[in-house]
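The values are calculated or read from the model by the stated rules, or taken from the named source; none is laboratory data. Given the structure is predicted, the values throughout are model-derived calculations rather than measurements. Here the Cβ positions follow ideal geometry from the backbone for every residue, glycine too, while neighbour counts run over all protein chains shown. Quick note on the areas: whole protein, heavy atoms, side chains included, nothing else; ligands and nucleic acids left out. Shrake-Rupley method; radii C 1.70, N 1.55, O 1.52, S 1.80 Å.
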Amino acid sequence: MYLKDKRGFNIVEMAIVLVVVGMLIAIGVVMLIPLTNRMKHKETEKTIADAAEAVIGFADINHRLPTAAEFIDVAVKATDTWGNNLVYIPDPNLVIADSICVANASDTEVDVCGDPSCATPIDNADNSAFLILSAGPNLNIQTNTAVSPIKVYNEGLPGIDDYTPVMNRPQSYDDIFKWVVLPELRLRAGCEGSLLRILENPLPSGLISQAYDTDIFATGGVPWADGGDADAADDYRWCVTASLPDGLSYSCNGALVFSASCGWDAATATETGTWQQCTSLEISGTPATSGSFSLPVYARDNADNTDMRSFAFTISQISGLNICPQYRAWNVAPGTHKDYLIRAGSEPGDPISGACDNVPLNDEITAHIKTLMRGEVLEQWQTSNATCATSMVVRLTYNQAIALDTNGDCCLEFLNNVIVEKVCP
């Protein structure tokens, strides 16, 4: 009878099998760890996205963001897949009642950094409404959540730990995050109306000695009711930080002068610079200086929102037109004498630049007083006793002199109460 060999593994063979099985298990575990982390990463991304949708839903109902304390109840799930609490960072101005639909901007900026210094962010969101983040698989929050701009980094960037509340522990960056910007939040929250913005209509070009008039308008936001200007339209408040070319001026329900800065502190209800309320900002006059100019303009509405636009425009010199740095003038008026004076500005009542003087017939007025310079005006008066006290007859501005001096020799004359070209002697 044939008997089968029933021998099993000997000790050596069994040891080899166990070693091989152990190696396979070890390899499987090593391969399973990153796979598990990837699955947890994806799950946490979804948790954060769900929490962001919950915050937007809260904003839709309440027209504000939930506070950090409210977030725990608002979020569908407030912990990541590693069991740590999500970090929620709302813009502080947007947790105030009814703040979202009147807000033009937020104070929170998120910068995406490609290097530890983040001197030049590779992307940024300067109107962030809120940000939600997880510490990621290393369980170490590496994002500074206390200041703006909030800096987030490319995944895997080494040596990062900006989070100050706990011990500094620089590691490869693995925080998981999502932010929502204010325009998206306004849209998703069903806000009616548009944000405050200055219309970007280009300013027309102008010509020296030719009348110029244009308006800058704003739209959206929460304007003021009419503030007493000539029209009955809603108003905004305006501020400018650059002077206009000679001969032009700003107007907004009266004169508006430029300021070194234009600011608004909502906390103290304090304006920095000179602001004026009207429907639109007007620029008008007769330019006397050619060139290209940049005009920063600020507008503010009745909900503490501001907007800024920088307008560019050009004033050109008319071909063949000669512009003199100063002009001379002669008295050829009826009678033997007339009183003349030069003012330091182009408006009646501006300060006198030099005393009133009585000028004989056919004498050079500007030899008795001074030459007519940019921004000044030369006035002829009815009196002839060096008082300039009764009835100003005719005025010559520097801009008018440019247009009247057709031969370009910088000389003009007062003749029968009008000003005409003169050939210099």
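Just one of the listed residues (Ile160, Ile176, Ile141, Ile132) is at pLDDT 90 or above, among the β-branched types (Val, Ile, Thr) and open to solvent by 20 Å² or more (accessible area, probe 1.4 Å), and it is Ile141.
Go through the residues of the range 321-336 one by one and say whether even a single one is assigned to a strand (DSSP E or B), among the polar types (S, T, N, Q) and farther than 28 Å from Gln380 by Cα.
No, every residue in the range 321-336 fails to be assigned to a strand (DSSP E or B), among the polar types (S, T, N, Q) and farther than 28 Å from Gln380 by Cα.
Looking across the range 100-124 at every residue that is open to solvent by less than 30 Å² (accessible area, probe 1.4 Å) and touching a Leu at 6+ places or on another chain (Cβ under 9 Å), the one that is farthest from Leu187 (Cα to Cα) is identified as Cys113.
Candidates Gly156, Gly193: the one that is free of Cβ contacts under 8 Å to residues at least 60 places away in the same chain, at positive phi and in a loop (DSSP other than H, G, I, E, B) is Gly156. The residue that is most open to solvent (accessible area, probe 1.4 Å), counting only those in the range 322-355 that are of a type in the set (A, V, I, L, M, F, W, C) and touching a helix residue (DSSP H, G or I) at 6+ places or on another chain (Cβ under 7 Å), is Ile323. Just to be sure before I move on: is Thr286 of a type in the set (Val, Ile, Thr) and free of Cβ contacts under 8 Å to residues at least 24 places away in the same chain in the structure I sent? Taking the combined requirement at face value, the residue does not satisfy it. Just so you know, in the range 205-227 the residues that are open to solvent by 60 Å² or more (accessible area, probe 1.4 Å) and not in a strand (DSSP E or B) include one that is farthest from Glu376 (Cα to Cα), and it is Ala225. Screening the range 251-308 for strands (runs of 3 or more DSSP E) wholly inside it with 1 or more residues that are within 17 Å of the chain's Cα centre (by Cα) and of a type in the set (D, E, K, R) returns the ranges 263-265, 270-272, 291-300.
Confirm whether Asp174 is in a loop (DSSP other than H, G, I, E, B), in contact (Cβ under 8 Å) with a residue 40 or more places away in the chain and more than 22 Å from the chain's Cα centre (by Cα). No, not satisfied. Could you check Ala97 against (1) in contact with a Lys or Arg (Cβ under 7 Å, 6 or more places away or on another chain); (2) open to solvent by less than 20 Å² (accessible area, probe 1.4 Å) and say which number it fails? Among (1) in contact with a Lys or Arg (Cβ under 7 Å, 6 or more places away or on another chain); (2) open to solvent by less than 20 Å² (accessible area, probe 1.4 Å), Ala97 violates only (2). Being within 28 Å of Leu372 (Cα to Cα), at pLDDT 90 or above and out of contact with any Asp or Glu (no Cβ under 7 Å at 6 or more places or on another chain) holds for only one residue in Leu256, Leu321, Leu244, Leu341, and it is Leu244.
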